[in-house]
1. Search segment 174-216 for residues being assigned to a helix (DSSP H, G or I) and among the polar types (S, T, N, Q), and hand back the single one that is surrounded by the fewest Cβ atoms within 10 Å (Cβ to Cβ).
2. Within segment 185-199, count every residue that is within 23 Å of Lys242 (Cα to Cα) and in contact with a helix residue (DSSP H, G or I) (Cβ under 8 Å, 6 or more places away or on another chain).
3. Under 14 Å from Glu46 (Cα atoms) and touching a Pro at 6+ places or on another chain (Cβ under 9 Å) - does that describe any residue in segment 183-197?
4. Need a quick list: strands (runs of 3 or more DSSP E) entirely within segment 37-150 having at least 1 residues that are of a type outside the set (Lys, Arg) and more than 16 Å from Arg171 (Cβ to Cβ).
5. Among the residues of segment 151-170, which ones are of a type outside the set (Asp, Glu), in a helix (DSSP H, G or I) and without any contact (Cβ under 8 Å) to a residue 60 or more places away in the chain?
6. Please work out if Val138 is more than 22 Å from Gly93 (Cβ to Cβ), in contact with a Gly (Cβ under 8 Å, 6 or more places away or on another chain) and either among the charged types (D, E, K, R) or without any contact (Cβ under 8 Å) to a residue 40 or more places away in the chain (or both).
7. May I ask you to list the residues in segment 244-259 that are buried (at least 17 other Cβ atoms within 10 Å of the Cβ) and either over 19 Å from Leu323 (Cα atoms) or without any contact (Cβ under 8 Å) to a residue 24 or more places away in the chain (or both)?
8. Can Arg130 be described as surrounded by fewer than 16 Cβ atoms within 10 Å (Cβ to Cβ), modelled with pLDDT of 95 or more and either among the basic types (Lys, Arg) or farther than 25 Å from Thr41 by Cα (or both)?
Amino acid sequence: MSASPSPLLQVENLTKYYPYQPGVLRSSRVWIKALDGVSFTIQPGEVLGLVGESGCGKTTLARSLVRLVEPTSGRILFQGENILERPVSLMKGVYRDMQMVFQDPYSSLHPKQMVIDLVGEGLRIHRLARKRELRDRVLEVLELVGLHQDHLYRFPHEFSGGQRQRIAIARALILRPKFLILDEPTSALDVSVQAQILNLLKRLRRELGLTYLFISHDLSVIEHMSDRVGVMYLGHLVELGKREALFRRPLHPYAQILLQAIPVPDPDRIPPRISLTGEVPSPIDPPAGCPFHPRCPLTVDRCREEIPRWQEIEAEHWVACHLATEGGKTG
């Protein structure tokens, strides 16, 4: 029996705390816990989808992986190397294999640069091509994402939102990376354009053998794109499993509530719903015990007092919930 391949990315107990001064006259300092002990792996060629409410830490996680945000603690092993041990000035080699596509195609492209400069910037920084060769490689990757030669010498304001996101994807692909972090890559686009970009990303993954971390708040998009799905809440990863298992039998009450938000086409088949109460707690003063317990309708005393352990309940299906780990009913 052959051994399973080593993970392309392995995140271990990653935290990011931001200092916060609650008032000008106050000397005490508190911490905003944007990420609090997040761990997961991504195998080569896999798409891991990450879902959760706004403010749960998804974008902080994405930016931490490329060190646009410097983590407070933890490890990020990319191709077996803990990249947090590298000085930021020596991250250039990592960026050849790890690239990021941002949420907003309007603000992520420099408005005064032409497409050939925007997409070709990585080649110049890494000294991989210049002049005619650079132009040819930029054109090659533009054609890969559905653009053509006439677009080389235009500025971002001359393109639609979908075309701008294609340019952003081309910029990420120009160095031929192995791993793309896609942070809400379609949320700023019209629905019809979203479908085009999602199909493009699926084709690129298949043709180029890419690995994705795909972040979205849209569960239907996550289901369409992902092999495995992680659910985040208040800086914690609360559930992680294969797409089919998580969508068929979510174990965490928060994951169940998120899945209930997916529209059902048949009004006569709407299942019973778990009600969600209250507001998301502040990351400045998170609740003791389970971070979800103030809003969870199934809370018991243990949830208020003890942080649930991260456990594998069934094959490759992990959850942090006292009721699930005790075999209790959560659905």
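1. So in segment 174-216, the residues assigned to a helix (DSSP H, G or I) come out as 191-208.
Filter once more, keeping what is among the polar types (S, T, N, Q): 192, 194, 196, 199.
Details: Ser192: 8, Gln194: 19, Gln196: 16, Asn199: 11.
Step by step, filter segment 174-216, then rank; the result is Ser192.
2. Qualifying residue count for the region: 3.
3. Step one: list which residues in segment 183-197 are under 14 Å from Glu46 (Cα atoms), which gives none.
No: zero hits.
4. On the way: elements: 47-51, 73-78, 98-101.
Here the list reads 47-51, 73-78.
5. To start, the set of residues in segment 151-170 that are of a type outside the set (Asp, Glu) comprises 151-157, 159-170.
If we keep only those that are in a helix (DSSP H, G or I) as well, we get 151, 156-157, 161-170.
Residues satisfying the conditions are His151, Pro156, His157, Gly161, Gly162, Gln163, Arg164, Arg166, Ala170.
6. Values: more than 22 Å from Gly93 (Cβ to Cβ): no; in contact with a Gly (Cβ under 8 Å, 6 or more places away or on another chain): yes; either among the charged types (D, E, K, R) or without any contact (Cβ under 8 Å) to a residue 40 or more places away in the chain (or both): yes.
No, not satisfied.
7. Once the filter is applied, which keeps residues that are buried (at least 17 other Cβ atoms within 10 Å of the Cβ) and either over 19 Å from Leu323 (Cα atoms) or without any contact (Cβ under 8 Å) to a residue 24 or more places away in the chain (or both), segment 244-259 yields only Ile257.
8. Working: surrounded by fewer than 16 Cβ atoms within 10 Å (Cβ to Cβ): yes; modelled with pLDDT of 95 or more: no; either among the basic types (Lys, Arg) or farther than 25 Å from Thr41 by Cα (or both): yes.
Against the criterion (surrounded by fewer than 16 Cβ atoms within 10 Å (Cβ to Cβ), modelled with pLDDT of 95 or more and either among the basic types (Lys, Arg) or farther than 25 Å from Thr41 by Cα (or both)), Arg130 does not qualify.
The values are calculated or read from the model by the stated rules, or taken from the named source; none is laboratory data. Being a predicted model, the structure only gives us computed values, none of them experimental. A quick note on method: Cβ atoms are made from the backbone with ideal geometry, for glycine too, and the neighbour counts reach across all protein chains shown.
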